[in-house]
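Please treat every number below as a calculation from the coordinates, not as lab data. Bear in mind the structure is a predicted one, so any value in this text is a computation, not a measurement. For neighbour counting, all protein chains shown are included, and Cβ atoms are generated from backbone atoms with ideal geometry for every residue, glycine included.
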Amino acid sequence: MKVISFNANGIRSAATKGFFDWLRAQDADVVCLQETKAQEDQLSDPMFRPDGHHCFYRDATTKKGYSGVAIYSKREPDEVLTTLGLDLFEQEGRYIEARYGKLSVVSFYIPSGSSGDERQAIKFDAMKRLKPILDHWLASGRDYVLCGDWNIVRSRNDIKNWTSNQKNSGCLPSEREWLNAQLGEDGGSDGTPPAHNGWVDTYRVLRPEGQDYTWWSHRGAARANDVGWRIDYQLVTPSLRDRLRACAITREPRFSDHAPYLVDYRT
């Protein structure tokens, strides 16, 4: 099973850069998109319904052309969920889940706090409210694949300029502590004690010493110089750890300020 997670930073923009041509060649089973920046009625072109995929969009309701998530699936899900009980995620289109028997695949878009104190406070509140939901999923007995842009790096190996970003959203110690405290032992933490039987960071398990990034600022020549951050993840329940086969971050061709993250799972 191949799963792709990608923050498109505007699905229509990514389409003009060849994203759907690239996607067709990947033969992915499930594709999780974030930051579609469109309402579904704006996506009438057939390209936004890739051949052979069932397509599901969850748009922002309070601000058109903002945020938004989607799932493309070869197999028709048994159920598609779009409500977490968290107003922010519903209003801003930040969560969609496809269920296949015992397996759930989620497309998540965790808020960013980089625009200022108000949004950072919203991000902290979202993290606090999301924690019991993640704990419930871990304890549910279901297999989960959580795809998405989490807007948080885990450790020094996940960001080029570690020291200079310690006071910047996405690399704040309290954010890293929140994320790392939910993950099991994998050597990828900033020193935060791991959770017993916690979530599994697929990239860090498959590439224990890896220093690859999934997002680069538009400023300067960040991408050309690989001054990046790894903030896009596929986190899975421990039940799926032994099914991890391979992963890849596709830096080129460039469709967005993020790169698609692919994981192959043994079936």
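One table, with the values for the structure above:
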{"read-out": "The chain - charge dipole about Cα centre, Lys and Arg +1 at Cβ, Asp and Glu -1, debye rounded to 20", "value": "360"}
{"read-out": "Residue with peak Gaussian network fluctuation, the chain [Cα springs, cutoff 10 Å], from 115, 217, 155", "value": "115"}
{"read-out": "Where labels lie 7 Å past Cα in the beta-carbon direction, separation of residue 83 and residue 99 in nm", "value": "1.3"}
{"read-out": "Chain lengthening between residue 121 and residue 252 when straightened (0.36 nm per residue, less Cα-Cα)", "value": "43.7 nm"}
{"read-out": "Net lengthening on full extension, residue 61/residue 91 (0.36 nm per residue, minus Cα-Cα)", "value": "10.3 nm"}
{"read-out": "Prolate/oblate/rounded call for the stretch 43-89, Cα gyration tensor, a/c under 1.5 rounded", "value": "oblate"}
{"read-out": "C-alpha center-to-center spacing [the stretch 70-92, the stretch 17-37] in angstrom", "value": "17"}
{"read-out": "Linear extension gain, residue 114 paired with residue 39, 0.36 nm per residue minus alpha-carbon span", "value": "24.6 nm"}
{"read-out": "Sequence of 159, 96 once ranked by neighbouring C-beta atoms within 10 Å, starting from the fewest", "value": "159, 96"}
{"read-out": "18 Å Cα-Cα reach of residue 17 towards aspartates and glutamates, excluding residues that sit fewer than 8 places from it in its own chain", "value": "35, 45, 252, 257"}
{"read-out": "Percentage relative contact order, the chain, counting C-alpha pairs under 8 Å, at least six apart", "value": "19"}
{"read-out": "Free-standing Cys, the chain [no other Cys Cβ under 4.7 Å]", "value": "55, 171, 247"}
{"read-out": "Size descriptor, Kirkwood hydrodynamic radius, that averages inverse alpha-carbon separations across the stretch 115-267, Å", "value": "16.1"}
